[in-house]
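The values are calculated or read from the model by the stated rules, or taken from the named source; none is laboratory data. Remember, it's a predicted structure, so these values are computed and weren't measured experimentally. Backbone-built Cβ (ideal geometry, glycine too); neighbour counts: all protein chains shown. Heads up: the accessible areas ignore ligands, DNA and RNA and are worked out on the full protein's heavy atoms, side chains in. Shrake-Rupley method; radii C 1.70, N 1.55, O 1.52, S 1.80 Å.
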Amino acid sequence: MSTPDSMDAVRAVTEGEYKYGFVTDMDEDRAPKGLNTDIVRFISARKNEPEWLLDWRLKAYQRWLGMADRDPKWARISHPPIDFQDLYYYSAPKSKADAPKSLDEVDPELLATYDKLGIPLREREVLAGVAVDAVFDSISVATTYKAKLGELGIIFCSMSEAVREHPDLVKKYLGSVVPAADNFYACLNSAVFSDGSFVYIPKGVRCPMELSTYFRINAAQTGQFERTLIVADAGSYVSYLEGCTAPMRDENQLHAAVVELVALEDAEIKYSTVQNWYPGDKDGKGGIYNFVTKRGACRGARAKISWTQVETGSAITWKYPSVLLEAEGSIGEFYSVAVTNNLQQADTGTKMFHLAPNTRSTIISKGISAGRSQNTYRGLVRVAPKAANARNYTQCDSLLIGDACGGHTTPYIEVRNRSARVEHEATASKISDDQLFYCRARGLGTEDAVSLIVNGFCKEVMQKLPMEFAVEAQKLLGVSLEGSVG
Amino acid sequence: MTNILEIRNLHATVHGKEILKGVDLVLPAGEIHAIMGPNGSGKSTLSYVLAGRDGYEVTAGEILYKGQDLAVMEADERARAGIFLAFQYPVEIPGVANSVFLKAAVNAGRKARGEPELDAMDFLKKSKALLKTLDMDEKFLNRPVNVGFSGGEKKRNEIFHMAMIEPSLAILDETDSGLDIDALKVVSAGVNALRNENRSMLVITHYQRLLEHIVPDRIHVLAGGRIVSSGGKELALELEQNGYAGLTGDKSAA
């Protein structure tokens with residue numbers, strides 16, 4: 001039973017204002033607008049990169065020029081054409097001669113910004129035991145716990161530093177999972193990537209803490225092009241957390257990151273994301289375009305890669321964290337919660353490529369749409385002829401709040417081996433007036449009721465998040481669907 | 001003796017259609033009153049109006065709860081103020097453990113009354129004791145709210161909620177429907193255990209059967225949106241013998 005009163009209640013709950021909107025005033029070292037070979041050279045020079053990397057960037061740029069009119073159009077998203085000559089491709093916080101070596105050397109204003117976000121570095125260091133590699137305006141400015149990780153031979157640093165200090169590793173693996181010309185946005189990223197994180201876990205080492213990066217976009221009209229590479233050598237384990245939130249802006253901001261994961265024999269990588277970038281206002285103004293390419297490769301037998309994502313932000317999300325199951329017995333997992341509200345658009349899912357025998361994959365996707373938003377699950381399960389006994393289980397659930405939003409499920413299943421078993425389940429439901437009334441008749445306010453129902457809906461995925469992340473994510477779900485009721 | 005509930009000349013519409021056409025009813029503290037009536041007489045509408053469900057609009061008259069006008073209170077405020085509705089059709093909430101849901105509900109009420117919230121230990125202790133009296137397994141705490149519960153389990157779960165929430169006014173909407181005789185006895189015993197001088201109940205039922213187990217202080221017959229007859233518990237027997245037609249004068253209502 002849908003009545004005007006209850007619709008009002010739902011509307012009020014789902015029209016929560018973005019709570020983390022603010023802008024930090026900082027001097028910036030910025031390349032001029034637009035993109036050409038000079039800009040690519042400028043970026044590379046600013047970072048004192050070796051010749052081979054500059055060449056790699058320039059080649060990517062040439063490839064990108066060739067596909068300039070081929071930005072992907074198949075997703076269920078719509079936006080005005082992006083003028084790539086009207087964007088800035090490099091900006092960095094002004095620093096002293098060198099990057100800061102401790103928190104004391106970090107711009108106090110930056111630290112204050114993290115305070116506002118509720119993620120004070122100092123407290124997190126101590127309380128959560130999390131080493132934080134903070135990416136702020138394209139440059140890593142604080143890396144903690146490095147010494148401790150160093151003792152185990154673990155490398156956790158910015159991509160720029162990795163290029164300087166560990167060129168062989170970077171050269172070997174960069175672009176090995178997501179080739180430079182993989183797709184339009186990945187190609188753009190390859191040409192102009194600013195910075196990001198690099199992780200290497202040596203053979204047999206179990207990383208003793210969750211590695212964590214907080215991304216943040218701060219400069220107006222600055223495209224942010226992160227590049228992250230994680231390599232887990234044979235028999236190692238690492239859990240990596242990525243989370244972000246962004247300031248209030250009127251201009252659309254493009255974010256085209258690339259994340260590459262490589263898991264060798266018996267290695268396991270667990271990659272968790274809580275994404276809360278500015279989604280735009282109620283009329284869809286402002287907000288981040290998040291066009292991200294994330295892919296992992298299980299290169300050794302029994303390797304395992306697990307993606308967990310909680311996506312609540314961005315005006316548009318275009319993102320398919322995928323796994324190449326290249327070796328026998330390897331495992332790929334994808335657990336996702338995607339929340340869209342107001343005029344947000346999300347087209348997200350995964351691709352599981354079964355390329356070897358006895359490979360297994362699991363996909364659990366929970367899409368929540370409210371307001372006038374559109375939320376699409378798009379997923380590919382491909383079983384190659386060689387992948388005997390491959391197994392996949394896929395479950396896609398959509399939850400609708402209100403009657404003006406859309407939830408869509410678009411599975412692609414390509415099986416070329418008869419012994420494979422692929423299962424797909426999908427459901428669509430609404431938060432019913434009955435459920436809301438039942439909660440309210442027990443004394444719960446409408447906001448609490450919606451939050452409870454939504455968290456229940458997402459439970460299977462939320463359970464996959466590391467403990468210290470789960471609390472934040474649960475809060476985010478509430479915040480992104482919260483409103484001014486009562 | 002004070003009155004918990006006073007309903008005066010209550011008119012209410014559902015989606016523009018008038019269902020209640022002048023209900024008068026007084027429920028003193030500590031008493032149990034039964035509302036009986038044929039299908040379509042407005043019994044469930046009355047329970048929803050009292051609980052404050054959206055779409056159920058009071059067009060005339062008033063409802064006083066502990067002397068306070070309910071018109072200005074939202075459904076959740078009413079619940080926190082001590083009004084409890086045991087649903088005829090309890091609602092499923094997938095993924096939300098019964099204990100999580102109930103703890104949130106109990107503490108919402110305690111917070112509103114300025115009482116300290118129950119911590120996990122106290123909550124568990126109290127829950128387990130009450131589940132035992134309702135012949136329910138402790139597993140009910142971890143199962144998602146009403147999901148996969150049988151009809152009888154759902155009704156028992158409602159009474160379990162009621163026992164935990166400790167309302168001043170409980171409205172039991174057709175709690176007997178769908179229960180076999182054994183389950184009916186267990187549920188009735190659970191309800192009777194909650195009887196006390198500070199708690200009033202409105203027991204809505206179609207059949208006299210329930211009232212053999214939960215013996216009311218008074219019985220009201222609702223028909224055509226009005227209370228057409230009130231009396232002691234013997235009224236139920238009379239209805240059992242003569243049907244509702246005898247009271248309402250409407251043969252089709254039998």
Residue check for A:Glu460: at the interface with chain B (Cβ under 8 Å from one of its Cβ atoms) and open to solvent by 60 Å² or more (accessible area, probe 1.4 Å): yes
Could you tell me whether region A:411-419 includes any residue that is facing chain B (nearest Cβ under 10 Å) and either of a type in the set (A, V, I, L, M, F, W, C) or touching a Cys at 6+ places or on another chain (Cβ under 7 Å) (or both)? no
What's the total number of residues in region A:305-333 that are within 19 Å of the chain's Cα centre (by Cα) and under 18 Å from A:Arg391 (Cα atoms)? 8
Is it true that some residue in region A:140-162 is modelled with pLDDT of 50 or more, in a helix (DSSP H, G or I), open to solvent by less than 10 Å² (accessible area, probe 1.4 Å) and touching a helix residue (DSSP H, G or I) at 6+ places or on another chain (Cβ under 7 Å)? yes
Tell me which strands (runs of 3 or more DSSP E) are completely within region B:135-254 and hold 3 or more residues being away from chain A (no Cβ under 14 Å), or say none if there are none. B:200-205, B:218-223, B:226-231
Within region B:94-112, identify whether any single residue is at pLDDT below 95, assigned to a loop (DSSP other than H, G, I, E, B) and open to solvent by 10 Å² or more (accessible area, probe 1.4 Å), and answer yes or no. no
Just to be sure before I move on: is A:Glu425 within 24 Å of B:Glu92 (Cα to Cα), among the acidic types (Asp, Glu) and either assigned to a loop (DSSP other than H, G, I, E, B) or open to solvent by less than 50 Å² (accessible area, probe 1.4 Å) (or both) in the structure I sent? no
Going residue by residue through region B:49-57, is there one that turns out to be more than 13 Å from chain A (Cβ to nearest Cβ) and under 27 Å from B:Asp217 (Cα atoms)? no
Considering residues of region A:365-412 that are among the aromatic types (Phe, Trp, Tyr) and within 15 Å of A:Ala75 (Cβ to Cβ) only, the residue surrounded by the fewest Cβ atoms within 10 Å (Cβ to Cβ): A:Tyr412
Tell me, which strands (runs of 3 or more DSSP E) wholly within region A:307-380 include 1 or more residues that are closer than 18 Å to A:Leu477 by Cα and in contact (Cβ under 8 Å) with a residue 24 or more places away in the chain? A:316-319, A:331-340, A:345-354, A:360-369
Among the residues of region B:61-90, the number that are under 16 Å from A:Thr446 (Cα atoms) and either β-branched (Val, Ile, Thr) or away from chain A (no Cβ under 11 Å) (or both) is 1
The one condition in (1) touching a Cys at 6+ places or on another chain (Cβ under 7 Å); (2) more than 12 Å from chain B (Cβ to nearest Cβ); (3) open to solvent by less than 20 Å² (accessible area, probe 1.4 Å); (4) not aromatic (Phe, Trp, Tyr) that A:Leu476 fails to fulfil: (1)
The condition of being under 17 Å from the mean Cα position of the chain (by Cα) and of a type outside the set (Phe, Trp, Tyr) holds, among B:Val187, B:Val147, only for B:Val187
Taking region B:91-122 only, how many residues are in contact (Cβ under 8 Å) with a residue 60 or more places away in the chain and at the interface with chain A (Cβ under 7 Å from one of its Cβ atoms)? 1
Set A:Thr340, A:Thr359, A:Thr317, A:Thr348: member being polar (S, T, N, Q) and farther than 28 Å from A:Gly286 by Cβ: A:Thr359
Answer with yes or no whether B:Ala34 is within 13 Å of chain A (Cβ to nearest Cβ), of a type in the set (A, V, I, L, M) and in contact with a Leu (Cβ under 6 Å, 6 or more places away or on another chain). no
Take B:Thr248 and decide whether it is touching a strand residue (DSSP E or B) at 6+ places or on another chain (Cβ under 7 Å) and at pLDDT below 90. yes
Considering each residue of region B:50-70, count those that are at negative phi, touching a Gly at 6+ places or on another chain (Cβ under 9 Å) and not aromatic (Phe, Trp, Tyr), and give that number. 3
Between A:Asp283, A:Asp266, which is surrounded by fewer than 22 Cβ atoms within 10 Å (Cβ to Cβ), modelled with pLDDT under 95 and assigned to a loop (DSSP other than H, G, I, E, B)? A:Asp283
In the list A:Tyr377, A:Tyr438, which residue meets the criterion of being in contact with a Pro (Cβ under 8 Å, 6 or more places away or on another chain) and within 14 Å of chain B (Cβ to nearest Cβ)? A:Tyr438
